[in-house]
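Q: The structure that follows is given in the form of structure tokens.
The values are calculated or read from the model by the stated rules, or taken from the named source; none is laboratory data. Everything quoted here is computed from the prediction, not taken from an experiment. We place every Cβ from the backbone using ideal geometry, glycine too, and count neighbours over all the protein chains shown.
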Amino acid sequence: MSVRALRGAVQLDRDERHHLLDEVRRLFQEMLRSNGLDQDDLVSVIFTATPDLVSEFPALAARELGMADVPLMCAQELDIAGSLPRVVRILAHAETDRPKPAIKHVYLGGAAALRRDLVPQDGASG
């Protein structure tokens with residue numbers, strides 16, 4: 001079994017606490033589902049948010065899913081001119097037998113623009 005990194009991102013419609021938590025939960029659950037993983041497979045998770053998101057810590061969404069024994073960390077994205085606003089990114093490390101090319105990275109909504117090379121034509125995930 002290897003440790004693999006899974007990436008994901010979602011662009012929020014607005015900086016509102018419940019919206020942020022709902023969208024981060026949706027993203028995180030889709031990342032796990034797309035890769036056939038559950039919480040026991042996780043080693044650690046890093047959440048980042050663009051500087052315009054201040055209503056809540058994105059990691060709280062994972063805690064609300066019952067992740068009490070997985071190390072979680074939040075950080076702020078670099079404030080780069082012209083970058084996509086209101087984006088939460090997730091970098092999760094998980095134990096899995098999947099080879100690197102089989103890992104599915106998930107980009108929801110407007111965040112699909114971040115990695116067009118990884119997102120299928122429908123723009124839902126990749």
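Q: Of the residues in the range 23-36, how many are surrounded by fewer than 19 Cβ atoms within 10 Å (Cβ to Cβ) and in contact (Cβ under 8 Å) with a residue 12 or more places away in the chain?
A: Matching residues across the range 23-36 total 6.
Q: Evaluate the following for S125: is it touching a helix residue (DSSP H, G or I) at 6+ places or on another chain (Cβ under 9 Å), at pLDDT below 95 and hydroxyl-bearing (S, T, Y)?
A: yes
Q: Go through the range 83-93 and count every residue that is buried (at least 20 other Cβ atoms within 10 Å of the Cβ) and more than 16 Å from R17 (Cβ to Cβ).
A: Residues flagged as buried (at least 20 other Cβ atoms within 10 Å of the Cβ) and more than 16 Å from R17 (Cβ to Cβ) within the range 83-93 amount to 4.
Q: Please give the number of the condition I90 fails out of (1) aliphatic (A, V, I, L, M); (2) touching a His at 6+ places or on another chain (Cβ under 6 Å); (3) modelled with pLDDT of 95 or more.
A: Going through the list (1) aliphatic (A, V, I, L, M); (2) touching a His at 6+ places or on another chain (Cβ under 6 Å); (3) modelled with pLDDT of 95 or more, I90 breaks only (2).
Q: Something else: Take the residues of the range 76-90 that are within 14 Å of the chain's Cα centre (by Cα) and of a type in the set (D, E, K, R): which is farthest from F28 (Cα to Cα)?
A: Among those residues, the one meeting the criterion is E77.
Q: Something else: As an exercise: evaluate H18 against (1) over 15 Å from L6 (Cα atoms); (2) at pLDDT below 95 and give the number of the one condition it does not meet.
A: Here H18 meets the rest and fails (2).
Q: Let me ask another. How about the range 90-111: which of its residues are out of contact with any Pro (no Cβ under 9 Å at 6 or more places or on another chain) and under 16 Å from L42 (Cβ atoms)?
A: L91, A92, H93, A94, E95, T96, D97, R98, I103, K104, H105, V106
Q: Only residues that are closer than 18 Å to E23 by Cβ, part of a loop (DSSP other than H, G, I, E, B) and acidic (D, E): list them for the range 35-82, please.
A: D52, E56, E77
Q: Kindly indicate whether any position in the range 97-105 is assigned to a strand (DSSP E or B), in contact (Cβ under 8 Å) with a residue 60 or more places away in the chain and under 18 Å from F28 (Cβ atoms). Can you show your working first?
A: Looking only at the range 97-105, we keep the residues that are assigned to a strand (DSSP E or B), and these are none.
No - not one qualifying residue is present in the range 97-105.
Q: Would you check which residues across the range 1-22 are surrounded by fewer than 19 Cβ atoms within 10 Å (Cβ to Cβ), basic (K, R) and in contact with a strand residue (DSSP E or B) (Cβ under 7 Å, 6 or more places away or on another chain) and list them?
A: Within the range 1-22, R7 is the sole residue that qualifies.
Q: If you check every pair at least six apart or on different chains, which have Cβ atoms under 8 Å apart with a residue in the range 72-83 that is within 29 Å of L42 (Cα to Cα) first and a residue that is among the charged types (D, E, K, R) and assigned to a strand (DSSP E or B) second?
A: E77/R89
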